[in-house]
Amino acid sequence: MIEELVTTLKEKTLPPPYRVTQMDEQLAFEYGKGMKRILDEWKAKGYPCNCPDTLRPYFEGGMNDEAFKHALHEWYEKWDPIEQVRQLEACETVFNNGVKKYIPLQSWGFDIPDEYNVVVTPFAIGAGGAGQRMGEHGPVITMWYGRQWGKEGRTPEETLLHEAYHLGADEVIYKELGAAISDAAKYQQTKERIVDCCCAEVLVPDVLPLYHFQFSKQVDQPKDHLNNTFLYQTHLSVPQRLQLYAKSLKN
Ligand SMILES: [Zn+2]
């Protein structure tokens, strides 16, 4: 009873504040160190390392932490990602409309943080959008400053809402599916596919006119197991659909 009450009180009824900033130098140092630690694992999954040329030696093993700190300081002396910050700030209305669609999902465990902090970063693994929990900094959506928004690919709004979905549902997805898929690369791909499907389901066309899938070629394959056991089971909640899918993998 008390647990239920606490859960109800924690649930948001309105989108929380949305804020875009440039990652500060001190956090970038910590973030860079953390990124270096996991880089090999992500490269193996096919994600590139995106960073300024002067910082690349650090990520490739030819620079120590102290030298990285110095090179990073020099980078920050001239780095001014105001255009990227403004571009992401301009997404606020669409982003909030998307978060309004996420609010009812709290009933199955989708987490909406107290604030959506979007930070523009000097480096990133992959294309540069990531929803992650950063210790004392809480949930953060990181965006690489050099990300190119082309005509064919994802829009900033799509990327932000995709990452907000990760922040909301990654734990639930892992809880239901982590044990069923032991291969890390396969788990990563499946998770991305699930997040893409769920985003499109709740956001298209009311919030986003269309949504670019990361694995668009696979989406319409009717034989695909994930389609049958997850994607088409829209009458069930996401955790129920994940359970169904996990169970089907064991059969
Ligand atoms: Zn993703």
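The values are calculated or read from the model by the stated rules, or taken from the named source; none is laboratory data. Small disclaimer: the values here were computed from a predicted structure and weren't measured. Positions of Cβ are backbone-derived with ideal geometry, glycine not excepted, and every protein chain shown enters the neighbour counts.
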Go through region 149-160 and report how many residues are out of contact with any helix residue (DSSP H, G or I) (no Cβ under 7 Å at 6 or more places or on another chain), modelled with pLDDT of 85 or more and not hydroxyl-bearing (Ser, Thr, Tyr). 2
Reported set for region 178-191 where residues are in a helix (DSSP H, G or I) and either at pLDDT 90 or above or away from the ligand (no atom under 16 Å from the Cβ) (or both) is Lys191
Please list, ordered by first then second residue, the pairs with beta carbon atoms under 7 Å, 6 or more apart or interchain, first in region 165-177 and in contact (Cβ under 8 Å) with a residue 12 or more places away in the chain and part of a helix (DSSP H, G or I), second of a type in the set (Gly, Ala, Ser) and within 15 Å of the ligand (Cβ to nearest atom). His166/Gly131; Leu167/Gly131
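Listed here are the residues, each with its yes/no results for (1) touching an Asp or Glu at 6+ places or on another chain (Cβ under 7 Å); (2) part of a loop (DSSP other than H, G, I, E, B); (3) at pLDDT below 90; (4) of a type outside the set (Asp, Glu).
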{"residue": "Phe213", "(1), (2), (3), (4)": "yes, yes, yes, yes"}
{"residue": "Lys217", "(1), (2), (3), (4)": "no, no, yes, yes"}
{"residue": "Pro222", "(1), (2), (3), (4)": "no, yes, yes, yes"}
{"residue": "Gln233", "(1), (2), (3), (4)": "no, yes, yes, yes"}
Which of the residues spanning region 192-216 are β-branched (Val, Ile, Thr) and either under 17 Å from the mean Cα position of the chain (by Cα) or within 14 Å of the ligand (Cβ to nearest atom) (or both)? Ile194, Val195, Val202
